[in-house]
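Okay, so here's the structure we're looking at.
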Amino acid sequence: SLLLLAFLTLPARADQSDIDAASRGVVRIVIIEDDGTQLYPISHGTGFAVSPEMVVTNAHVVAEAQGDKNLSIGIVPSDGGAAIYGRLVAYSPRNDLALVATTAPMHLPPLTIASNPDESSGAVTAVGYPVNVDRAQGLNMQDLFNATPPVQSHGFLAGHRPSREFDTLLHTAPIGRGNSGGPL
């Protein structure tokens, strides 16, 4: 799984309070099946607010819901507030990006995407919802609909690789399935 990289425009060594503040704009993206009587979470990933009512995630996180009338996209805030449905606005499997609009006001604090990240070594924090942590905490599938703070994992920039399509930054922050779509 790929991690969508959002580089917070924070000081070179972000203060933990800055990372905590940015984490409030991170959401869990849940693919939901409705059998007519109950909602079932099918899979999940992570997203982050780019405006108070728009969330970016990886395209592969929402791919199952693309064109399937029995599946919906749910957005679960990290702290307080109710989970709501999302509406797919843009979908690019080639770039592995998707833009999801909230269907009700969530007033999410948006993160800023840095256009010129420092490619040298430095501390980074990945923020998201890895499945292995959910399992270790004993969460079941229905718990995915409840607001839960995201996991912060710390590491360092380890290198970069330019390409024709986009540049890739390599990092050592531990991530797992479910982190896809989350910011770094």
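The values are calculated or read from the model by the stated rules, or taken from the named source; none is laboratory data. Since the model is a prediction, treat every value here as computed from it, not as a measurement. Heads up, the Cβs are rebuilt from the backbone with ideal geometry, glycines too, and the neighbour counts pull from every protein chain shown. The protein model used for the area step is the full one, side chains on, heavy atoms only, and it has no ligands, DNA or RNA in it. Shrake-Rupley method; radii C 1.70, N 1.55, O 1.52, S 1.80 Å.
Before moving on, here are some points about what is shown:
- GluC sites (Glu not before Pro), loop per DSSP, at most 16 other Cβ atoms within 10 Å - longest free stretch of the chain: 1-118
- For VAL56, solvent-accessible area (1.4 Å; no DNA, RNA or ligand), Å²: 20
- On a per residue basis, the chain carries 53 Å² of accessible surface, using protein heavy atoms and a 1.4 Å probe.
- Prolate/oblate/rounded call for the stretch 54-124, Cα gyration tensor, a/c under 1.5 rounded: oblate
- Extending 7 Å from Cα along the Cβ direction at ASN146 and again at SER51 yields two label points whose distance is 3.3 nm.
- Cα-based values for the chain, radius of gyration first and Dmax second, are 15.8, 52 Å.
- Relative contact order for the chain, counting Cα pairs under 8 Å that sit 6 or more residues apart, in percent: 30
- Rough spin-label spacing in nm, given labels placed 7 Å along Cα→Cβ, for ARG164 and ARG94: 1.2
- Stretch gain in nm, segment HIS107-GLN137, where the contour uses 0.36 nm per residue and the Cα spacing is subtracted: 8.0 nm
- Length-normalised contact order for the stretch 32-120 - Cα pairs under 8 Å, 6+ apart - percent: 31
- Nonpolar atom fraction for the stretch 27-109, defined as the carbon and sulfur part of the 1.4 Å probe accessible area, stands at 54 percent.
- Structure-based [θ]222 nm, the chain - -39500 (n - 2.57) summed over DSSP H runs of at least 4, per residue, nearest 500: -2000 deg cm²/dmol
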